[in-house]
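A short write-up of the structure that comes next.
The values are calculated or read from the model by the stated rules, or taken from the named source; none is laboratory data. Remember, predicted model here, so these are calculated numbers, not experimental data. No Cβ is skipped: glycine too gets one built from the backbone with ideal geometry, and neighbour counts run over all protein chains shown.
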């Protein structure tokens, strides 16, 4: 089973995936995007999300994505891959020493069918619209929980079939368009958006797409700032601080952007515990 990209359309096993075109777009990209932004739909199925992105009466604010991947790995495309989709909204990011404002113009939007955060019940969990969810990942969001809710919260897991298909698709975006960065909606709109959230292993996903250690320096790093080093949600001095890392904290590199490095903080057993961005000047 193979995902390929041909003529700005996604194909699976030699056939173009269903195309449910959204009217919400801003025309052709002026510059080839090199970023993929991962989202969750906050919805029931890929088809229901695609229908929402087609509906001008209900979707009054206007939103869309290039593709949506259902829990079983099936794909629906909603916007051609040469066209700007409305998936990121009010957003900013720093790439190659350039401050990008409005990430719709610089990225592909991939939505994963998922309810996001959940509400506990006597027998399990349910979505905010009452749909039952059998199990949850229990965690706080690194940027703060939605609506300042006390945590930890339950989050719907992403099935392996869905994640595997997403990896296949993003590998194709890397091969065809030269994508070199994968981030979340919660990276470019921290606090306002919480997807893909703590149930999505972004570090592991990047490794599956790019390969072990791709785009990073080999080995662990260490905080050398005497007063500690701020771990931030993005590669910018004004990005929200997640926490202060004491001197000696060991880090594993994920990727670099100019003088910033995205890292996983390693616990006492050398296991990645939390991710964020640090200034490379204060690590070695």
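Observations
- Hits in segment 113-132 - residues which are touching a strand residue (DSSP E or B) at 6+ places or on another chain (Cβ under 9 Å) and over 22 Å from residue 186 (Cα atoms): 120, 121, 123, 124, 125, 126, 130, 132
- Selected residue (criterion: surrounded by the fewest Cβ atoms within 10 Å (Cβ to Cβ)) from residues of segment 130-155 that are within 21 Å of residue 48 (Cα to Cα) and in contact (Cβ under 8 Å) with a residue 12 or more places away in the chain: 131
- Look at (1) in a loop (DSSP other than H, G, I, E, B); (2) touching a residue at least 12 places away in the same chain (Cβ under 8 Å) and you find that residue 94 fails only one, number (1).
- The single condition from (1) under 30 Å from residue 71 (Cβ atoms); (2) modelled with pLDDT of 90 or more that residue 264 fails is (2).
- Selection over segment 24-54 of residues that are outside any strand (DSSP E or B), touching a helix residue (DSSP H, G or I) at 6+ places or on another chain (Cβ under 8 Å) and surrounded by 13 or more Cβ atoms within 10 Å (Cβ to Cβ) gives a count of 6.
- With respect to the conditions (1) free of Cβ contacts under 8 Å to residues at least 24 places away in the same chain; (2) not in a helix (DSSP H, G or I), residue 281 lacks only one, and its number is (2).
- Qualifying residue in segment 220-232 (condition: modelled with pLDDT of 85 or more, under 19 Å from the mean Cα position of the chain (by Cα) and not assigned by TED's automatic domain parsing to the domain that holds residue 104): yes
- Which listed residue, of 79, 68, is buried (at least 23 other Cβ atoms within 10 Å of the Cβ), at pLDDT 95 or above, assigned by TED's automatic domain parsing to the domain that holds residue 111 and in contact with a helix residue (DSSP H, G or I) (Cβ under 7 Å, 6 or more places away or on another chain): 68
- Answer residue from segment 243-261, given it is modelled with pLDDT of 90 or more and surrounded by fewer than 19 Cβ atoms within 10 Å (Cβ to Cβ) and is nearest to the chain's Cα centre (by Cα) among those: 243
- Residues that are buried (at least 20 other Cβ atoms within 10 Å of the Cβ) and without any contact (Cβ under 8 Å) to a residue 60 or more places away in the chain were ranked within segment 266-278; the one that is nearest to residue 140 (Cα to Cα) is 277.
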